[in-house]
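> Have a look at this one before I ask anything.
FYI, it's all coordinate maths here, none of it is from the lab. Small disclaimer: the values here were computed from a predicted structure and weren't measured. Ideal geometry is used to build each Cβ from the backbone, glycine not excepted, and the neighbour counts take in all protein chains shown.
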Amino acid sequence: MTLRFNVFGRRMSVSRIGAQWQLFIDSDTGNRARVYDVVIPPELEEYELARYLDDIYHELSSEVYPRVTQVD
C-alpha cells in the first residue's frame, strides 16, 4: 500500500512494508528516493500520517502550502 502526499509543495509517498512505514520523495519522472532520516512510528494509522508529516516538516510551510495534504 502506498499513500501519496503533498508535503508543503514536495511530492512524497509513504509505503507500508511489513510492520514499518517507509517515506519516499517522489520525482517528476516516477522515481522515488527513500528518506532515511525520518522514522514514522509503526503504530500510526493511515489517517494519522498527514498530521505526522505536517509536524515533521512544518518549517517548510508557506502561504501557498500551509499544510500537508493527501493526494490521489
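> Mind jotting down the three principal axis lengths of the chain based on Cα atoms? Whole angstrom, largest first.
36, 28, 24
> Show the residues, 5+ positions off or on another chain, whose built amide H is closer than 5 Å to the amide H of V35.
Answer set, sorted by chain and number: L23, F24, I25.
> Count neighbours as other Cβ atoms within 10 Å of each site's Cβ, and list the trypsin sites (Lys or Arg not before Pro) in segment 1-69 that are DSSP loop with at most 15 such neighbours.
R67
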